[in-house]
Amino acid sequence: MALQFQCLQVFSPLSPVATTRSPSSSRSPSLVIASSKSHTAPLLGRKLRAAVIGGGPAGSSAAEALAAGGVETYLFERSPSSAKPCGGALPLCMLSEFDIPAHLIDRHVTRMKIISPSNIAVDFGKTLKAHEFIPMLRREVLDSFLRARAQSIGATIIHGLVLNLEVPASSNAPYVVHYTTENSMRSLAVDVVIGADGANSRVAKSIDAGGYTCAIAFQERIKLPEEKMEYYENLAEMYVGNDVSPDFYAWVFPKCDHVAVGTGTVCSKQDIKQYQRGIRERAKSKISGGKVIKVEAHPIPEHPRARRVIGRVALVGDAAGYVTKCSGEGIYFAAKSGRMCGEAVVRASEGGERMIGERDLKREYLREWDAKYVGTFRFLDLLQRVFYGDNAGREALVEMCGNEYVQRMTFESYLYKKLAEGNRVEDAKLMWNTIGSLIKCGIVGSRESDSIAAFL
């Protein structure tokens with residue numbers, strides 16, 4: 001039997017379609033319409049229509065910005081109740097920047113330990129100020145909140161699985177999203193598509209955005225006895241070593257009534273369960289007696305894609321590859337890229353009144369993103385290659401983390417997502433201490449360590 005695709009609206013530049021709702025909200029992102037005019041034609045009798053594929057932090061933030069700016073917005077989410085394995089740590093600035101309410105936070109982490117291959121533990125957090133902490137939360141809680149907020153501002157949520165994106169043959173024709181919902185096949189024609197559908201993005205495949213290397217993250221949620229949960233009340237732990245990951249780290253992060261215990265790797269994905277046994281063994285005395293309540297695994301991108309805008313399609317979050325090396329941070333960059341992309345569409349379309357093109361997306365979104373963050377991603381990539389390649393490098397990393405100046409600079413940059421103000425004398429000391437650690441651990445001389453010494 002031939003499949004019958006249901007088109008939600010006949011798409012034509014001359015056919016009016018439903019305009020987006022435009023309720024005001026104090027929580028909606030601040031949008032400024034650019035003064036530069038687009039060379040594309042104005043839309044007649046309708047608003048620009050956008051499909052956002054993926055309802056995580058990237059997709060929800062994009063949908064919120066689009067809807068708040070006057071674009072007719074459809075947000076697709078396959079599994080609203082699911083959550084990918086994720087440490088769940090947020091930078092402190094994200095709470096205010098994205099208006100995240102306090103009741104979503106499970107734990108206020110004020111103590112961190114980083115534990116070397118030889119089990120030397122360094123307290124990493126001694127420089128935190130009295131009001132500073134690392135918010136820990138569950139992804140399913142955050143994602144649900146962000147989707148609901150986007151919907152309240154005017155985005156239409158579609159609970160369905162996107163099967164493929166039909167790319168138009170001409171520049172003025174629509175993109176068609178084919179998807180399933182409630183056991184039926186449907187389709188939706190749109191002007192613009194934002195792919196926020198993760199590392200295995202079907203949107204990226206539809207536009208031939210090219211491949212990239214992915215890691216695998218594996219995590220168990222373990223409910224601990226009350227007395228052991230008290231130990232992790234405000235403490236997060238990071239473990240490094242060949243036994244827990246050959247190229248990343250493992251973690252024990254506290255949540256509302258359990259701990260998240262996990263690890264990741266890109267170079268030896270087939271051995272991920274072996275590394276999970278390794279972290280369980282390293283943390284055995286602190287998590288023994290716990291009960292596994294959930295097991296999760298998910299691919300994580302290792303670097304940004306070379307092509308993130310093609311035609312009127314843009315990639316954000318994991319689909320674009322916005323997860324940092326070394327720290328594995330992705331939540332903030334997902335939400336930030338989604339919002340920046342949504343705002344870029346609003347600016348380029350003058351509030352949804354004009355059609356946009358590839359040049360607009362590259363100018364308003366991609367150029368702005370790369371100017372802000374490409375240096376950060378490159379530097380953290382370099383750090384990972386220097387310090388995570390073998391146990392000698394990991395011992396040097398943990399030794400460096402005991403330095404209070406390193407801790408202060410790290411937390412100021414991480415918590416507030418801006419370059420911390422350094423001190424020339426302390427910077428010089430840090431350079432020599434870094435080189436000293438690399439020499440002591442026998443890894444100076446490699447191309448990466450020489451590069452990082454030059455950078456410092």
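The values are calculated or read from the model by the stated rules, or taken from the named source; none is laboratory data. Everything numeric in this text was worked out from a predicted model, so none of it was measured. FYI the Cβ positions are ideal-geometry reconstructions off the backbone, even for glycines, and counts take in every protein chain you see. Note: areas computed on protein heavy atoms with side chains; ligands, DNA, RNA excluded. Shrake-Rupley method; radii C 1.70, N 1.55, O 1.52, S 1.80 Å.
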For region 364-378, enumerate the residues that are out of contact with any helix residue (DSSP H, G or I) (no Cβ under 8 Å at 6 or more places or on another chain) and among the acidic types (Asp, Glu).
Asp370
Can you tell me which of Asp106, Asp143 is crowded, with 16+ Cβ neighbours inside 10 Å and touching a Ser or Thr at 6+ places or on another chain (Cβ under 8 Å)?
Asp143
What single numbered condition from (1) buried (at least 24 other Cβ atoms within 10 Å of the Cβ); (2) in contact with a Cys (Cβ under 7 Å, 6 or more places away or on another chain) fails to hold for Arg312?
(2)
Mind telling me which of the residues Arg339, Arg282 ends up being at pLDDT 95 or above and under 30 Å from Thr40 (Cβ atoms)?
Arg339
Taking the stated definitions as given, is Gly375 among the small types (Gly, Ala, Ser) and open to solvent by less than 30 Å² (accessible area, probe 1.4 Å)?
no
Out of the residues in region 192-228 that are assigned to a helix (DSSP H, G or I) and open to solvent by less than 20 Å² (accessible area, probe 1.4 Å), state the one that is nearest to Pro301 (Cα to Cα).
Ala204
What strands (runs of 3 or more DSSP E), lying completely within region 102-163, carry at least 2 residues that are under 23 Å from the mean Cα position of the chain (by Cα)?
107-109, 111-115, 134-136, 156-159
